[in-house]
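Let me begin by presenting the structure, written as structure tokens, before commenting on it.
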């Protein structure tokens, strides 16, 4: 390629105006996308640090929860089988909600709090180990809540990552591909138009020169003829018809030059 | 001592039951000591624990287990060993020791029955539940469980044939099984069982009555206290709560009627201040040691005392309970090691 990547278009003035407006559009689009990309990147970094924090918290919470389960088993015996058999519906649920960040829809998970519902398993360990079981239950609820939060953060992270990539791709595309092409096209059109103007100018100048030369030649001829007339016939009666004839002839000669 | 009673005198006890008492005392000598626990605490992995346990009476009980050892496996194997010892004695025992040993198993049978009722209520496959039952609580009509599909059938065909039938018939009607909370059923049955066991020990008289009445009274009081504390803030009403207290024990009848009316744990502590033993137990609790731990410790103390006398059946009951505490201790140490929480490892209760 010659390196002159431009849009193939016929170089007229209207094309120039169109290209100029396209360039303006590209510049605005570029700045808007850049702003969006920056906003998303800020959010992205914030989420990253939160994920780190959350993962460590979750590790500690899960550890405590497992340990509290061991303590509950110590106090209450093997409760696992009764608990399994007694479960009917889920007491903890979570719901998918949508959050909008700079035009990007991020899914978030929320825990549905069902305060009024009674837990059919709340009497487990009534005669032995009930307190340890309750403590264990609370610890696991905390663990689930931190897991839900972590899930939200991680999905947001992945979605944002994708979107930032595409946005940056678009920003770079505009900056390095689209704008240069348009600019090149504009400069090409301008160059072509200027060249046309120059040609016009040159042609006019040439025509004027030719006209001048013809005029000069005619003048010289006229002068010669006058001299001849003056020598042959000193009377001036011929001059007037000759003058008349000359003007007419000049007109004809002009026609010959112009229209031949 | 010279007694007109048929049971428990120094002249007559050894004729039928001397061999078994000797067996149990032999087993009791193998219960882990402080030195064993000190070794176990220092282990860094469950494999080390396996090595140390191999040097005690436990021997090679974990020898055939595949390599990454789990705490649940250890618990299962310890329990299996205990069950084998118990069954060995039970198979050879004669009356009245046989009945006494059966009474010990009724507690576990109640847990199994409750598990089966729960499973049937929720339409699970009951035959799968048999594996999850406590081995000391097996009863003969378990074989007929595969034919059972509803709670009514369970009641009429299976439960009636168990030794628990009298408890079930006295306390629970067939319709109630569906509606009552499963824990309430469990505790109602257990209350009936405890009362029955207590009366049986009284009938036996002699050393058995002396040892067992203390132990069973403590059990009754402990259940009353626990039920009270654990039912705060739940849907269990005060009347229902009172129905679950056994009708014997140090706290019965004034303590239990007061407990039935309480609303929070401070009131409970005030009521218990009047009883010396429980006042000491409660003052023994702290942030590190919960009420349950204090109860376990007192229970171990009572059970140890059973071995101080002879010619009574208390040793059999106490041996089972002490072994159970030992299994709890071993599992606790194993969990602390495998979850890297060595700071809490000392919260078990050493026995000897």
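The values are calculated or read from the model by the stated rules, or taken from the named source; none is laboratory data. Only a predicted model underlies this, so the values are computations on that prediction, with no experimental measurement involved. Positions of Cβ are backbone-derived with ideal geometry, glycine not excepted, and every protein chain shown enters the neighbour counts.
Of note:
- In the condition set (1) crowded, with 19+ Cβ neighbours inside 10 Å; (2) more than 8 Å from chain B (Cβ to nearest Cβ), residue A:74 is compliant with all but (2).
- Residue tally, condition within 26 Å of the chain's Cα centre (by Cα), surrounded by fewer than 20 Cβ atoms within 10 Å (Cβ to Cβ) and not in a helix (DSSP H, G or I), over segment B:6-52: 3
- Where residue B:166 falls short, out of the listed (1) more than 13 Å from chain A (Cβ to nearest Cβ); (2) part of a helix (DSSP H, G or I); (3) touching a residue at least 24 places away in the same chain (Cβ under 8 Å); (4) touching a helix residue (DSSP H, G or I) at 6+ places or on another chain (Cβ under 7 Å): (4)
- Meets criteria (within 14 Å of chain A (Cβ to nearest Cβ), in a helix (DSSP H, G or I) and without any contact (Cβ under 8 Å) to a residue 60 or more places away in the chain) for residue B:157: no
Condition check ((1) under 30 Å from residue A:46 (Cα atoms); (2) at pLDDT 95 or above) across all residues:
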site	(1), (2)
A:126	no, no
A:132	no, no
A:141	yes, no
A:147	yes, no
A:160	yes, no
A:165	yes, yes
A:177	no, no
A:203	no, yes
A:209	no, yes
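- Those residues of segment B:112-125 which are more than 9 Å from every other protein chain (Cβ to nearest Cβ) and surrounded by fewer than 19 Cβ atoms within 10 Å (Cβ to Cβ), in sequence order: B:123, B:125
- Annotation note: Cβ proximity below 8 Å between a residue of segment A:14-38 that is closer than 22 Å to residue A:104 by Cα and a residue that is modelled with pLDDT under 95 and not in a helix (DSSP H, G or I) (sequence gap 6+ or interchain) occurs for A:36/A:102; A:36/A:103.
Yes/no per residue for (1) farther than 28 Å from residue A:135 by Cα; (2) within 14 Å of another protein chain (Cβ to nearest Cβ); (3) assigned to a helix (DSSP H, G or I):
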residue: B:252; (1), (2), (3): yes, no, no
residue: B:258; (1), (2), (3): no, no, yes
residue: B:263; (1), (2), (3): no, no, no
residue: B:270; (1), (2), (3): no, no, yes
residue: B:287; (1), (2), (3): no, yes, no
residue: B:294; (1), (2), (3): no, yes, yes
residue: B:304; (1), (2), (3): yes, no, yes
residue: B:318; (1), (2), (3): yes, no, yes
residue: B:327; (1), (2), (3): no, yes, yes
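- For the residues B:211, B:265, B:215, B:227, the requirement of being more than 23 Å from residue B:164 (Cβ to Cβ) and modelled with pLDDT of 90 or more singles out B:211.
- Residue in segment B:230-248 that is farthest from the other protein chains (Cβ to nearest Cβ), counting only those that are crowded, with 16+ Cβ neighbours inside 10 Å and part of a loop (DSSP other than H, G, I, E, B): B:248
- Residue match in segment A:72-94 (condition: at negative phi, in contact (Cβ under 8 Å) with a residue 24 or more places away in the chain, assigned to a strand (DSSP E or B) and touching a strand residue (DSSP E or B) at 6+ places or on another chain (Cβ under 7 Å)): yes
- Which numbered condition residue A:59 misses (of (1) more than 14 Å from every other protein chain (Cβ to nearest Cβ); (2) out of contact with any helix residue (DSSP H, G or I) (no Cβ under 8 Å at 6 or more places or on another chain)): (1)
- Of all residues in segment B:249-264, those that are surrounded by fewer than 20 Cβ atoms within 10 Å (Cβ to Cβ) and touching a helix residue (DSSP H, G or I) at 6+ places or on another chain (Cβ under 6 Å) total 4.
- A single member of A:145, A:175, A:99 is within 45 Å of the chain's Cα centre (by Cα), away from chain B (no Cβ under 14 Å) and in a strand (DSSP E or B), and it is A:99.
- Residue in segment B:65-79 that is within 21 Å of residue B:164 (Cβ to Cβ) and either surrounded by fewer than 16 Cβ atoms within 10 Å (Cβ to Cβ) or at pLDDT 90 or above (or both) present: no
- Scanning segment B:126-138 for residues that are in contact with a helix residue (DSSP H, G or I) (Cβ under 7 Å, 6 or more places away or on another chain) and either farther than 17 Å from residue B:86 by Cα or buried (at least 19 other Cβ atoms within 10 Å of the Cβ) (or both) turns up B:126, B:127, B:129, B:130, B:132, B:133, B:134, B:136, B:137.
- The residue of segment B:179-213 that is nearest to residue B:309 (Cα to Cα), among those that are in contact (Cβ under 8 Å) with a residue 60 or more places away in the chain and under 15 Å from the mean Cα position of the chain (by Cα), is B:212.
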